[in-house]
Amino acid sequence: MNGASVVSQVIELDSSFTDEEIASQIEVDADRLLPFPFADAAIDFEVGDLSPNDPAMAQVLLAACPQAQVQRCSNALALGGFRPSIVDVRMLAMRRALASSWPAGAECTALLELRRDAVAMAMFAGAASVPLQCREDATDTGPGATEDTGVESARQRISRLLHLQMAAGGESPARFLLAGESASNDDTLDMVRQQTDADVEVVRPFADMSVAKRLDAAALKAAAPELLAACGLALRRFDP
């Protein structure tokens with residue numbers, strides 16, 4: 001699931017709550033937590049550690065999206081003869097793929113995914129695995145005939161996302177990690193560096209992995225930024 005259609009956040013609830021009580025509390029707070037009607041939502045949650053601010057409260061990871069989004073994915077898989085068992089959040093999968101190489105320190109990190117039709121940006125506080133904010137810009141930048149149209153479209157979308165981040169009083173990122181189809185493009189890398197004083201680097205999810213001899217290591221390295229989400233999905237653990 002893409003960031004634009006997904007709510008993922010950490011909420012704090014009484015640590016004594018059962019799963020049924022957590023589900024009931026999420027329904028009570030739905031108007032505050034969800035940008036779409038609760039009746040139309042597909043919702044999941046996972047109880048994490050106790051709150052560092054109040055040991056009587058537990059941190060609960062909430063993920064939700066419109067039920068229609070899940071149904072569309074299920075229908076597409078059914079056409080190929082598959083039955084879905086897990087629906088994951090794209091940005092959370094990408095963050096999972098970078099677990100071993102995530103920058104150290106407590107500074108805010110922006111993970112940017114550059115796609116042909118959109119740019120998604122997730123803001124992470126330090127080493128947190130759940131984003132503070134996740135936004136996506138798929139605004140139509142209009143027809144273009146110049147060779148740098150793709151870079152210019154990405155520039156406009158990134159500019160809008162950064163403006164929204166600052167307008168909302170969000171923290172300015174100390175670094176940008178670039179993923180997606182055009183992340184390795186030198187022109188794209190230069191463009192992002194021109195928009196910020198923060199450190200900018202391209203993600204390398206396979207850097208610490210062994211590569212089978214039958215694979216083209218050079219081709220895999222070149223495609224690595226585009227395969228970040230797929231890598232995170234492959235690393236997910238779940239009970240069959």
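From the square roots a ≥ b ≥ c of the eigenvalues of the alpha-carbon gyration tensor of the range 76-226, which class results: rounded (a/c under 1.5), prolate (a/b over b/c), or oblate?
Numbers: a/c = 1.32, a/b = 1.19, b/c = 1.11.
Rounded, because the longest to shortest axis ratio a/c is under 1.5.
Take the solvent-accessible surface of the protein heavy atoms, probe 1.4 Å, and return the percent of it on the range 1-91 that carbon and sulfur atoms account for. List each step's numbers first, then the result.
Working: 2860 of 5620 Å².
Carbon and sulfur atoms account for 51 percent of the accessible area of the range 1-91.
Counting only protein heavy atoms and using a 1.4 Å probe, what share of the accessible area of the range 165-215 belongs to carbon plus sulfur, as a whole percent?
On the way: 1290 of 3140 Å².
Carbon with sulfur: 41 percent of the solvent-accessible area.
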The range 50-105: C-alpha gyration tensor shape, a/c 1.5 cut-off, then a/b vs b/c: oblate
Between Gln67 and Met166, what is the label-to-label distance in nm when each label sits 7 Å out along the Cα-to-Cβ direction? 4.2 nm
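Please report the net charge: other residues with Cβ closer than 13 Å to the Cβ of Ala42, K and R +1, D and E -1. Walk me through the numbers on the way to the answer.
Details: positive: Arg72; negative: Asp40, Asp44, Asp88.
Summing Lys and Arg as +1 and Asp and Glu as -1 gives -2.
Could you sort 190-199, 119-128 so that the peptide with the highest average Cβ count within 10 Å comes first and the rest follow in order? Could the numbers behind the result be given before it?
Details: 190-199: 14.1, 119-128: 19.6.
So the peptides 190-199, 119-128, ranked by packing, come out 119-128, 190-199.
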For the range 58-174, report the accessible area per residue in Å² (1.4 Å probe, heavy atoms, rounded to an integer). 51 Å²
What would the Debye formula give as log10 I(q)/I(0) at q = 0.11, 0.12, 0.13 Å⁻¹ for the alpha-carbon point model of the range 1-145, no solvent? -0.51, -0.60, -0.70
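Restricting things to alpha carbons, find the Rg to Rh ratio for the range 149-202 using the Kirkwood radius for Rh. Mind showing how you got there, number by number?
Values: Rg = 11.1 Å, Rh = 11.6 Å.
Rg/Rh: 0.95.
Nearest 5 percent is fine: what portion of the DSSP beta bridges confined to the chain is antiparallel? Please report the intermediate quantities before stating the final value.
On the way: 28 of 38 bridges.
Percentage antiparallel, nearest 5: 75.
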In degrees, nearest 10, the alpha-carbon axis of helix 19-28 is tilted away from the dominant principal axis of the alpha carbons of the chain by 80 degrees
Computed D for the range 171-240, Stokes-Einstein, Kirkwood radius over alpha-carbon pairs, 25 °C, 0.890 mPa s, to the nearest µm² per second, is 178 µm²/s
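The values are calculated or read from the model by the stated rules, or taken from the named source; none is laboratory data. Note that the structure is a prediction, hence the values are computed from the model and not measured. Note that each Cβ is placed from the backbone with ideal geometry, even for glycine, and that neighbours are counted across all protein chains shown. Heads up: the accessible areas ignore ligands, DNA and RNA and are worked out on the full protein's heavy atoms, side chains in. Shrake-Rupley method; radii C 1.70, N 1.55, O 1.52, S 1.80 Å.
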